[in-house]
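A short worksheet on the structure shown next.
The values are calculated or read from the model by the stated rules, or taken from the named source; none is laboratory data. Small disclaimer: the values here were computed from a predicted structure and weren't measured. Neighbour counts run over all protein chains shown; Cβ positions are idealised from the backbone, glycine included.
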Amino acid sequence: MNIMPRISKPEDVGLDADRLANIPNYFSSYVDRGKLAGFSTLVSRGGEIAHFEIRGNRDRERGLPMEKDTIFRIYSMTKPITSLALMMLYEEGHFQLNHPVSRYIPEFKNLKVWAGGTAEKYETVPCVREMTIRDLLTHTSGLTYGFMYAHPVDQLYRNAGIDGANTVKLTLKEMVTALADIPLLFSPGEQWSYSVSTDVCGYLVEVLSGRPLDEFLASRIFAPLGMVDTGFFVPKDKLGRFATNYFKDPKSGKQGIMDIGDESSSYAKPPKFLSGGGGLVSTMIDYWRFCQMLLNGGELEGVRLCSPKTIEFMTLNHLPGGKRMNEMSNSAFSELAPAGAGFGLGFQVTLDPAESPTIGSPGNFSWGGAASTYFWIDPEEEMIAIFMTQLYPSSTYPLRPQLQQLVYGAVID
């Protein structure tokens, strides 16, 4: 595990200690009422961690307390990491963003678009244009997720065994090959839809680098940044720190165990499917180190992963015509509310805080994970906030806007 960093005095970085204390006090009510087993919160400013608190349990049934080095399933908070990996290869000249994906994945050459029917019998039409790598990074590719249950194409994904991070029978290459035979929801660039696009980005990392995705991430990102507990599975000697994942049934309202944090977990061994869209586990400090590198413009403690211009470019709004997510969204689900936001290359980007659900700054970039984890980075305030817990799905409670209210309420300078 990582050595715990020094915690600075909040007042030294323009934050109010009493107001920061409102954060764990507020979310403790979720624990007291049995809505969350436990949680961890972190706020840093100017590169200094001013708040790092834990409450409750990482495993409620076994009475195991939440710890500062607890390992969490970060699900879609994997996406920014995979997107950065792909853009590191972009910096090296391996591709252009407007290159068709078929240039590197030939199976994607003749993709078709859904034109009506049922999952059993349907019609297709040709794409208006080919899918580009930018389309993958911005979720404007026309791909989807099988868990949406909103369209017959979702059913086709489930029929093919494509289940995002929960895909178990396919390798990354086999998933990409299977996707080529399933119609797109729409022609690339026409709409925004949350999807397996970042899993395809992960496969592109493999194709372009000539290395398996897990090896590339470990050697090019995790080791250089000192992210010692981040990976696609939890080694045996670390399982004692792995949190149990819970779910809330939307119909009954009752909670249950989705995955125990022990040797019975699917995360206790290397997976067949390396999900660049949602397969990683990590700790609070590991993920903070990743976020701090981004806020620093691609560098941490003398180690540079990429250029500041690349981070700046990734966190612009890349949606066609400068549109906003709520103008383009065709998605039954998104980790974050789309109002007032655009989408960059792997992140949601705040364009107009007045239109968004809660307080923030223009230029904030962020994302969350299916088990209610969340982070955002505010370059204007030089601030990072991270929330870790394990409750599926992430839409169960409004934890994310509540966290933003509390964090920005602590800013005094």
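Here are the numbers for this structure:
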quantity: Where a residue in segment 110-126 is assigned by TED's automatic domain parsing to the domain that holds VAL176 and its partner, wherever it lies, is at pLDDT below 95 and of a type in the set (Asp, Glu), with Cβ under 8 Å and at least six apart; calculated: none
quantity: The lone exception for ARG220 - which of (1) among the basic types (Lys, Arg); (2) within 20 Å of the chain's Cα centre (by Cα); (3) part of a loop (DSSP other than H, G, I, E, B) it fails; calculated: (3)
quantity: Cross-chain or 6+ apart pairs with Cβ under 9 Å, segment 140-165 first and part of a helix (DSSP H, G or I), then of a type in the set (Lys, Arg); calculated: GLY146/ARG158; PHE147/ARG158; ALA165/ARG73
quantity: Where a residue in segment 218-233 is of a type in the set (D, E, K, R) and its partner, wherever it lies, is modelled with pLDDT under 95, with Cβ under 8 Å and at least six apart; calculated: ASP229/MET1; ASP229/ASN2
quantity: Test result for GLY240, touching a helix residue (DSSP H, G or I) at 6+ places or on another chain (Cβ under 7 Å), of a type outside the set (A, V, I, L, M, F, W, C) and closer than 30 Å to PRO5 by Cα; calculated: no
quantity: Residue satisfying all of: in segment 243-278; surrounded by 20 or more Cβ atoms within 10 Å (Cβ to Cβ) and of a type in the set (A, V, I, L, M, F, W, C); nearest to LEU391 (Cα to Cα) among these; calculated: ALA243
quantity: Qualifying positions in segment 195-217 - in a loop (DSSP other than H, G, I, E, B) and closer than 20 Å to VAL128 by Cα; calculated: SER195
quantity: Exclusive hit being buried (at least 20 other Cβ atoms within 10 Å of the Cβ) and under 17 Å from TYR122 (Cα atoms), set LEU184, LEU217, LEU204, LEU172; calculated: LEU184
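One line per residue, one yes/no per condition, for (1) farther than 28 Å from GLY226 by Cβ; (2) within 23 Å of the chain's Cα centre (by Cα):
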position: MET4; (1), (2): no, no
position: ILE7; (1), (2): no, no
position: GLY14; (1), (2): no, no
position: ASN22; (1), (2): yes, no
position: SER29; (1), (2): yes, no
position: SER40; (1), (2): no, yes
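One line per residue, one yes/no per condition, for (1) touching a residue at least 60 places away in the same chain (Cβ under 8 Å); (2) of a type in the set (A, V, I, L, M); (3) closer than 26 Å to GLU67 by Cα:
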site: MET258; (1), (2), (3): yes, yes, yes
site: PRO270; (1), (2), (3): no, no, yes
site: SER275; (1), (2), (3): yes, no, no
site: TRP288; (1), (2), (3): yes, no, yes
site: GLY297; (1), (2), (3): no, no, no
site: LEU305; (1), (2), (3): yes, yes, no
site: PRO308; (1), (2), (3): no, no, no
site: ARG324; (1), (2), (3): no, no, no
site: GLY344; (1), (2), (3): yes, no, no
